[in-house]
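The values are calculated or read from the model by the stated rules, or taken from the named source; none is laboratory data. Since the model is a prediction, treat every value here as computed from it, not as a measurement. Cβ placement follows ideal geometry from the backbone for every residue including glycine, while neighbour counts extend to all protein chains displayed. Accessible surface areas use protein heavy atoms only, side chains included; no ligands, DNA or RNA. Shrake-Rupley method; radii C 1.70, N 1.55, O 1.52, S 1.80 Å.
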Amino acid sequence: MQVDSTIEERLAALEAATRWQRDQIEIRQVIASYGPLVDVSDRLERSRILAELWTEDGIYDIGGVRSCQGRDAIAKVFEEGHFDQVREGMCHVMGLPHVHIDGDTAVALNYSCVMRPDGTNRFYPWRVSANKWEMVRQEGKWLIQRRTNRLMTGDADARAMLEHIDLMLPA
Amino acid sequence: MQVDSTIEERLAALEAATRWQRDQIEIRQVIASYGPLVDVSDRLERSRILAELWTEDGIYDIGGVRSCQGRDAIAKVFEEGHFDQVREGMCHVMGLPHVHIDGDTAVALNYSCVMRPDGTNRFYPWRVSANKWEMVRQEGKWLIQRRTNRLMTGDADARAMLEHIDLMLPA
Amino acid sequence: MQVDSTIEERLAALEAATRWQRDQIEIRQVIASYGPLVDVSDRLERSRILAELWTEDGIYDIGGVRSCQGRDAIAKVFEEGHFDQVREGMCHVMGLPHVHIDGDTAVALNYSCVMRPDGTNRFYPWRVSANKWEMVRQEGKWLIQRRTNRLMTGDADARAMLEHIDLMLPA
């Protein structure tokens, strides 16, 4: 039975490793889908699809704008200017995220850089922000419980949020 | 034999999971290699190496420029201005891709942001684009079958391309 | 014993695949942690935490600035202007890395784009650079042995560094 127990242990270790790696990839996929989904949201029908990245009671706390809760409120916050901006060209480039997983919850930190055309043949970085994505797995799917977004204009609260990285690094 | 069949099932599940994860990483590697390869392409010898990221009959449809097919045509499209721009400094920063795999084919969506020095001590975003990478596995290697690139200046066709994300999200 | 040896082979293949994938993810995590760690480094206490991403004798060769060696020297190089800039807003957006692993060492290439607020409601790309991350695994943890950073202002040495991509691509 020595061999069998070793095989059992090796399978269990592989299954745990594979689960962690799948989660790492799936959480990056959620973050990577935000850009395409928001940059085609020129009407409520589309921003409702975007809002499905959040849990039913999820929170989107937008730096310099306000915080809203629930998919309906999140879908509607984009009515206030965003729909028009999409038709002028808007591009949410996502920086590399750092992802820390703890069972069925996870936290990711990354930067987002919203680019807009400036009317010449150039673009300009409009909103450059830090994002803290608090994620939860529901029915096998990673959803955003809370996304906190803070402009990187030197405010101390943006830096306080980023210091969460200390808790995410390997020991 | 109960135990053995369970082990067989667990091994098969692990092998499938590992294959998907390897593919997810390898496709990101292709996209991540584009920047270094194009930003050193100051002569045909180098852009020919870049063109090997595509299949033999691959297509590169460049927004605002034109579409070209085949490695030779792709290598040569960079003669028209790009070689000189490389010597002035050019940097293709790749945003996080969303990758959807279906057997030996895959689609990735991401943004690219080409930065150029502005002659002072700053850079400016020159071309900010959406990219749809249609990939195929040939002899164990992921290659680009078609890359469609569209400037994010508000054109409806760029948004139509990005709406492909709807088909890529988990159910 | 046929079955058992097959199982042994499959387990060994899975273990090797899983190890490579974990390393691919962990190295991206190190790179992704750099931004949050540097952008909160407004004092030596914080830049010392950042410097722990390097090995004890690690090297940070900063394009246009200078090269420094050892965690203490790396922590202190940020005293020369960076601490003040952090309080004005500074954001190190990391582009997608290409990662090549060889046992307990690895090389990653990526671009970094440092964004700063321009005093209006926009940001500007300040330093846009290529980075070569030479990593080493020590006690199970990936650390930076040498990070070489070069501004993408057209200098031949930046391009020479990026041509290392040729050695990193799959055959």
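Residue check: is residue B:67 in contact with a strand residue (DSSP E or B) (Cβ under 6 Å, 6 or more places away or on another chain), polar (S, T, N, Q) and open to solvent by less than 50 Å² (accessible area, probe 1.4 Å)?
Numbers: in contact with a strand residue (DSSP E or B) (Cβ under 6 Å, 6 or more places away or on another chain): yes; polar (S, T, N, Q): yes; open to solvent by less than 50 Å² (accessible area, probe 1.4 Å): no.
So residue B:67 fails the test.
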| said: Of everything in region B:31-45, what is outside any loop (DSSP other than H, G, I, E, B) and open to solvent by 50 Å² or more (accessible area, probe 1.4 Å)? Give them in sequence order. | reply: B:45
| said: Of everything in region B:122-171, what is among the β-branched types (Val, Ile, Thr) and more than 8 Å from chain A (Cβ to nearest Cβ)? Give them in sequence order. | reply: B:136, B:144, B:148
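Would you call residue B:114 among the hydrophobic types (A, V, I, L, M, F, W, C), in contact (Cβ under 8 Å) with a residue 24 or more places away in the chain and touching a Leu at 6+ places or on another chain (Cβ under 8 Å)?
On the way: among the hydrophobic types (A, V, I, L, M, F, W, C): yes; in contact (Cβ under 8 Å) with a residue 24 or more places away in the chain: yes; touching a Leu at 6+ places or on another chain (Cβ under 8 Å): no.
It is false that residue B:114 is among the hydrophobic types (A, V, I, L, M, F, W, C), in contact (Cβ under 8 Å) with a residue 24 or more places away in the chain and touching a Leu at 6+ places or on another chain (Cβ under 8 Å).
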| task | All but one of (1) open to solvent by less than 10 Å² (accessible area, probe 1.4 Å); (2) within 30 Å of residue B:13 (Cβ to Cβ) hold for residue C:113, so report the exception by its number. | result | (2)
| task | Would you mention how many residues in region A:51-61 are within 14 Å of chain B (Cβ to nearest Cβ) and either open to solvent by 20 Å² or more (accessible area, probe 1.4 Å) or touching a residue at least 40 places away in the same chain (Cβ under 8 Å) (or both)? | result | 3
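Given the residues C:32, C:12, which is the only one that is over 28 Å from residue A:130 (Cβ atoms), of a type in the set (A, V, I, L, M, F, W, C) and either away from chain A (no Cβ under 12 Å) or out of contact with any Cys (no Cβ under 6 Å at 6 or more places or on another chain) (or both)? Even if it seems obvious, please write down each step before you answer.
On the way: C:32 fails: over 28 Å from residue A:130 (Cβ atoms).
On inspection, the qualifying residue turns out to be C:12.
In region C:88-104, what count of residues is obtained for those that are assigned to a strand (DSSP E or B) and under 23 Å from residue A:116 (Cα atoms)? First the steps, then the outcome.
Looking only at region C:88-104, we keep the residues that are assigned to a strand (DSSP E or B), and these are C:91-94, C:98-102.
Add one more test, that the residue is under 23 Å from residue A:116 (Cα atoms), and what stays is C:91-94.
Residues flagged as assigned to a strand (DSSP E or B) and under 23 Å from residue A:116 (Cα atoms) within region C:88-104 amount to 4.
Counting only residues that are among the small types (Gly, Ala, Ser) and under 22 Å from residue B:126 (Cβ atoms), which one in region A:62-115 is farthest from the other protein chains (Cβ to nearest Cβ)?
The initial filter retains those residues of region A:62-115 that are among the small types (Gly, Ala, Ser), namely A:63-64, A:67, A:70, A:73, A:75, A:81, A:89, A:95, A:103, A:106, A:108, A:112.
Subsequent filtering for residues that are under 22 Å from residue B:126 (Cβ atoms) retains A:89, A:95, A:112.
Values: A:89: 4, A:95: 4, A:112: 9 Å.
Filtering first and then ranking leaves A:112.
Residues are listed down the side, and each one gets a yes or a no for (1) touching a helix residue (DSSP H, G or I) at 6+ places or on another chain (Cβ under 6 Å); (2) at pLDDT 95 or above; (3) farther than 24 Å from residue C:97 by Cβ; (4) open to solvent by less than 50 Å² (accessible area, probe 1.4 Å):
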{"residue": "B:96", "(1), (2), (3), (4)": "yes, yes, no, yes"}
{"residue": "B:131", "(1), (2), (3), (4)": "no, yes, no, yes"}
{"residue": "B:134", "(1), (2), (3), (4)": "no, yes, no, no"}
{"residue": "B:166", "(1), (2), (3), (4)": "no, yes, yes, no"}
| Would region A:137-146 turn up any residue that is aromatic (Phe, Trp, Tyr) and either in contact with a Gly (Cβ under 6 Å, 6 or more places away or on another chain) or farther than 20 Å from residue A:25 by Cα (or both)? | no
| request: Out of A:48, A:22, A:28, report the one residue that is touching a residue at least 24 places away in the same chain (Cβ under 8 Å), open to solvent by 10 Å² or more (accessible area, probe 1.4 Å) and out of contact with any helix residue (DSSP H, G or I) (no Cβ under 6 Å at 6 or more places or on another chain). | output: A:28
| task | Give the residue, chosen from A:126, A:142, that is under 25 Å from residue A:55 (Cα atoms) and of a type in the set (Phe, Trp, Tyr). | result | A:142
